[in-house]
Amino acid sequence: MTTSLKTTSFLLLFVLISAFFTKSTQAQNDPEQLAKDFVENGNYSEALPYFEDLVHLYPQDKELNYYLGMCLVETENFSQQAKNALQIALGDDTPAKSFYYLGQCFHAENNFSEALQYYQQYDKEAKKREKRSTRIDELIELCEQQINPFPVAEEEITEEQVEAVTPKEELVPKVIEIPTGLADSLINFQVNATIKYLNIDQFNNKKSLNAFVKAWQAEQNLNNVQEQTSRLRNAYKTALASNKNEIAEQILQLEKETYQQTQAINQFYAEARALEKAYWDGQSAQSIQDFALQVRQMEDSIRHAREQKRIEKLEAQKPIVLPDSLVKTMLPEEPVVVDKGVVYKIQIGAYSKTPPDWVQRLYKKLAIIRRIDQYTDEKGVTVYTVGELKSYNDALQMQSQVRTEGVKDAFIAAYQDGQRISVQEARKISDE
């Protein structure tokens, strides 16, 4: 091997080793990334303690709770801790596999009806490629046959235990005082696979509502503790050596308080969830279906209101367009100029009648960021376009942008001196 080749090989090896150690060092400095690396390699038992610590620090973080629940189930720990974590993780951006893991938790405790609901939800939402890597078909079949293939689950909180830790009826205030900021808030509280509450008025049990309020108040306290801890950590970095021990003691005390608050929050939420679940277990299938439909309609209304607010905000930012009559009084008359040469436009639709309602809504949304032009061709068809581009490459770029904005079938149309021509002819004329 020549000297230059040896030198090149050595340098390449050095770069690869440096990259490896840099990545390892970064992972060691970031426990969350290190834990995710363990999960990626299937080392769930190694990742578990990291995610337990992270969830203690950030108890309502949906992603961290999802990873914690995953690690517990993958290590055959089908405990209440796993169920709590996975139920906290449920939401709009929930990975479909959350339902798969929750199904296993209930399956392991012989709650076949609940397990089947979660399995079916996973089967409905997961992609085919993901489902091939799971036992979903087998587990659904076992669940329907009421066969439990899992090890005996850890002791779960029973209704009797819930009653034992719940204050007696006379100790629960007859009128529960709702804190400011909670009464009109969206709570997104998942009771089970089917039932979700969006506001506190939907609670059916006074004890469970009281437990939920306590959990919410504890979360507010926890946020304050975490903010205080963050400020102390920043102060520690610039503090004199003589003051660092005192600050460190304060940080440790706050960390202990964070852990205690987190445990209390999880316990209160588990109590509220168990009591509300017990209520719905006694309701008819029709009642459950009606309530779930009501929640979906509320979610649709909320999304619509948010979208309308966003559109109004964007509309307010649009420049004011003066009426043509006013413009003509302000500006001298100019002859109408037809675009000369080759022009590319992005055609977003063509209709011989009024466009359908959904198309009109789409165009209204698109018109917020783009000017939509229209003309009627010789057949009486109204053609809608956006953009006037001199370059075919620029037209390709705008076509891609318009498709991402919602018009999936947008395509490039070419014009010469205002007359429609083929794109191939236009490119030939423009020598592109």
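A few notes on this one:
- Global geometry of the range 185-226, whether rounded, prolate or oblate, following the gyration tensor of its Cα atoms and the 1.5 cut on a/c: prolate
- Looking at the range 334-432, none of the chymotrypsin sites (Phe, Trp or Tyr not before Pro) sits in a DSSP loop with at most 11 other Cβ atoms within 10 Å of its own Cβ.
- Whole-Å distance, taken between Cα centres, linking the range 239-312 and the range 356-417: 44 Å
- Span per principal axis, largest first, for the Cα atoms of the range 31-145 (Å): 41, 28, 27
- The ratio of the alpha-carbon radius of gyration of the range 189-297 to the globular-protein estimate 2.2 N^0.38 Å is 1.54.
- Computed in the context of the full set of protein chains, the accessible area of the range 189-297 at 1.4 Å probe radius has 46% of its extent on carbon or sulfur.
- 3J(HN,Hα) couplings calculated from phi for the range 354-366 with the Karplus curve 6.51 cos²θ - 1.76 cosθ + 1.60 (θ = phi - 60°) are, in sequence order, 4, x, x, 4, 5, 5, 4, 5, 5, 5, 4, 5, 5 Hz; Gly and Pro show x.
- The alpha carbon radius of gyration of the range 339-430, expressed as a multiple of 2.2 N^0.38 Å, is 1.06.
- GluC sites (Glu not before Pro) restricted to the range 356-408 and DSSP loop, no more than 10 other C-beta within 10 Å: Glu378
- Entries in Lys196/Lys256; Lys83/Lys127; Lys127/Lys309; Lys124/Lys313 that, when Cα-Cα distance is taken, lie over 26 Å: Lys196/Lys256; Lys127/Lys309; Lys124/Lys313
The values are calculated or read from the model by the stated rules, or taken from the named source; none is laboratory data. In this text the structure is predicted, and so the values were computed from the model without any measurement. Reconstructed Cβ throughout: ideal geometry from the backbone, glycine too, with neighbour counts over all protein chains shown. To get the accessible areas, we keep the full protein, side chains included, count just its heavy atoms, and leave off ligands, DNA and RNA. Shrake-Rupley method; radii C 1.70, N 1.55, O 1.52, S 1.80 Å.
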